[in-house]
Amino acid sequence: PVTEQQKIIYKAYTLYLNDDMLQSAKLFEEAYRMNKKNYVPCLYLSYINEYNYKKTNDKDTLKQAEKWAKRAYRKHNTDKNTIKQKMDIESLK
């Protein structure tokens, strides 16, 4: 059976693919609040903030991207290499 959080993540991911970053971020944040141990919402929130930074050059969104990437890194042990690559946000500065 699919959990409520999984449904929200699926909907958020669909919005993400359709370039609706604002609504996608809201749903990923909701999914994160439902289960703070799940790294997936954190990772996608970092992607969304990185995307927004590349469009706006707003340093606050870069800080948010880094914050969410660090949370994802702390929450997920088995995929740390992939997440660590994502955390290389210094190259954007």
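The values are calculated or read from the model by the stated rules, or taken from the named source; none is laboratory data. Note that the structure is a prediction, hence the values are computed from the model and not measured. Here the Cβ is made from the backbone with ideal geometry for all residues, glycine too, and neighbour counts use every protein chain on show. The protein model used for the area step is the full one, side chains on, heavy atoms only, and it has no ligands, DNA or RNA in it. Shrake-Rupley method; radii C 1.70, N 1.55, O 1.52, S 1.80 Å.
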Filter the stretch 1-34 for residues that are of a type in the set (S, T, N, Q) and part of a helix (DSSP H, G or I); the one that is farthest from Arg71 (Cα to Cα) is Thr14
Kindly establish whether Ala72 is of a type outside the set (Lys, Arg), part of a helix (DSSP H, G or I), modelled with pLDDT under 90 and touching a Pro at 6+ places or on another chain (Cβ under 9 Å).
-> yes
Which of the residues spanning the stretch 47-68 are over 16 Å from Asp20 (Cα atoms), of a type outside the set (Gly, Ala, Ser) and either within 10 Å of the chain's Cα centre (by Cα) or buried (at least 19 other Cβ atoms within 10 Å of the Cβ) (or both)?
-> Leu62, Gln64, Glu66, Lys67, Trp68
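I'd like to check something: does the stretch 37-46 contain any residue that is of a type outside the set (Phe, Trp, Tyr), surrounded by fewer than 17 Cβ atoms within 10 Å (Cβ to Cβ), farther than 17 Å from Leu17 by Cβ and without any contact (Cβ under 8 Å) to a residue 60 or more places away in the chain? Even if it seems obvious, please write down each step before you answer.
So the first thing to find is which residues in the stretch 37-46 are of a type outside the set (Phe, Trp, Tyr), and the list is 37-38, 40-43, 45-46.
With the extra rule that they be surrounded by fewer than 17 Cβ atoms within 10 Å (Cβ to Cβ), the set shrinks to 37.
From what's left, farther than 17 Å from Leu17 by Cβ: 37.
Add one more test, that the residue is without any contact (Cβ under 8 Å) to a residue 60 or more places away in the chain, and what stays is 37.
Yes: the stretch 37-46 contains one or more residues that are of a type outside the set (Phe, Trp, Tyr), surrounded by fewer than 17 Cβ atoms within 10 Å (Cβ to Cβ), farther than 17 Å from Leu17 by Cβ and without any contact (Cβ under 8 Å) to a residue 60 or more places away in the chain.
Looking only at residues in the stretch 10-25 that are touching a residue at least 12 places away in the same chain (Cβ under 8 Å) and over 11 Å from the mean Cα position of the chain (by Cα), which one is least open to solvent (accessible area, probe 1.4 Å)? First the steps, then the outcome.
Initial filter on the stretch 10-25 (touching a residue at least 12 places away in the same chain (Cβ under 8 Å)): 11-13, 15-16, 21, 24-25.
Adding the requirement that they be over 11 Å from the mean Cα position of the chain (by Cα) leaves 11, 15.
On the way: Lys11: 123, Leu15: 41 Å².
Only one residue fits best here, namely Leu15.
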